[in-house]
Amino acid sequence: MNGHKSCPHEKIPNQSLKIQTNDGSLFVYEITDVAKITKEEPIVINNKPKRHAGYKGFFDVGGGIGIRDFGDNIFSISTSHGYQFSPYFFLGAGIGVEYHTKWEATFMPIFADMRGYFLKGNVTPFIGAKAGYSPYKGKGVYFNPTIGVSFFVFKEFAMNVTIGYNLQHTKIYWYDFKAIKPWHTWEIIDAITFKIGLEI
């Protein structure tokens with residue numbers, strides 16, 4: 001007897017054996033056709049993707065629309081790498097390149113990256129924050145909080161879509177033909193950002 005997983009069954013000695021399967025089907029066998037009766041434990045295979053504790057890497061690309069007096073449109077790429085402590089929390093570090101179109105300036109922020117997920121499922125909203133410093137040219141504080149949605153496209157790969165706020169603190173130089181030399185002030189270049197990313 002092959003191919004059926006026994007559930008409730010009824011045996012009539014030396015005559016027949018009735019077996020009801022998990023889907024409710026009923027099968028009747030002559031006892032002479034039954035060579036052996038065994039009990040099998042159900043096998044559960046879970047192929048659903050999920051976030052395991054361990055290494056995680058992120059690659060993000062996107063842009064931003066400048067806001068306020070010194071805001072500027074930007075194009076941004078970045079990568080982060082770190083540790084997924086649980087399905088709900090990631091902590092790592094990364095580096096990015098941001099080009100500001102109006103100011104024609106490029107910044108390279110180095111940052112800590114934190115992400116908190118609300119659910120364990122294949123699709124989950126999350127919040128994140130990148131905080132650090134741009135040592136190249138502008139030499140100022142960098143901060144990028146985001147909210148987004150993460151969804152698995154394969155077992156080990158997920159896509160992220162985010163909206164956020166981009167803050168870059170930097171020197172703005174001023175020139176006046178009447179002045180003996182230029183001067184500078186510290187200002188905030190900020191934007192609303194939109195990014196798409198890959199998680200591995």
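The values are calculated or read from the model by the stated rules, or taken from the named source; none is laboratory data. Bear in mind the structure is a predicted one, so any value in this text is a computation, not a measurement. Quick reminder, even Gly has a Cβ in these numbers, built from the backbone with ideal geometry, and neighbours come from all protein chains shown.
Listing for the model above:
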| item | result |
| --- | --- |
| Residue check for THR106: modelled with pLDDT under 95, of a type in the set (S, T, N, Q), surrounded by fewer than 18 Cβ atoms within 10 Å (Cβ to Cβ) and closer than 20 Å to ASP69 by Cα | yes |
| Scan of the range 172-200 for residues that are charged (D, E, K, R), part of a strand (DSSP E or B) and more than 17 Å from PHE143 (Cβ to Cβ), ordered by number | GLU199 |
| Selection from the range 89-124 of residues that are within 19 Å of THR146 (Cβ to Cβ) and of a type in the set (Lys, Arg) | ARG115 |
| Residues of the range 156-200 satisfying the condition of being within 27 Å of the chain's Cα centre (by Cα), acidic (Asp, Glu) and within 20 Å of THR106 (Cβ to Cβ) | ASP190 |
| Wholly within the range 44-149, strands (runs of 3 or more DSSP E) carrying at least 2 residues that are over 24 Å from ILE188 (Cα atoms) | 54-67, 74-86, 89-100, 110-117, 123-134 |
| Some residue of the range 131-149 being in the same structural domain as ILE67 (by TED's automatic domain parsing) and free of Cβ contacts under 8 Å to residues at least 12 places away in the same chain | no |
| Filtered residues of the range 51-95 (kept if without any contact (Cβ under 8 Å) to a residue 40 or more places away in the chain and touching a Pro at 6+ places or on another chain (Cβ under 9 Å)) | HIS52, ALA53, GLY94, ILE95 |
| Failed condition for PHE75, given (1) outside the structural domain of TYR165 (by TED's automatic domain parsing); (2) at pLDDT 95 or above | (1) |
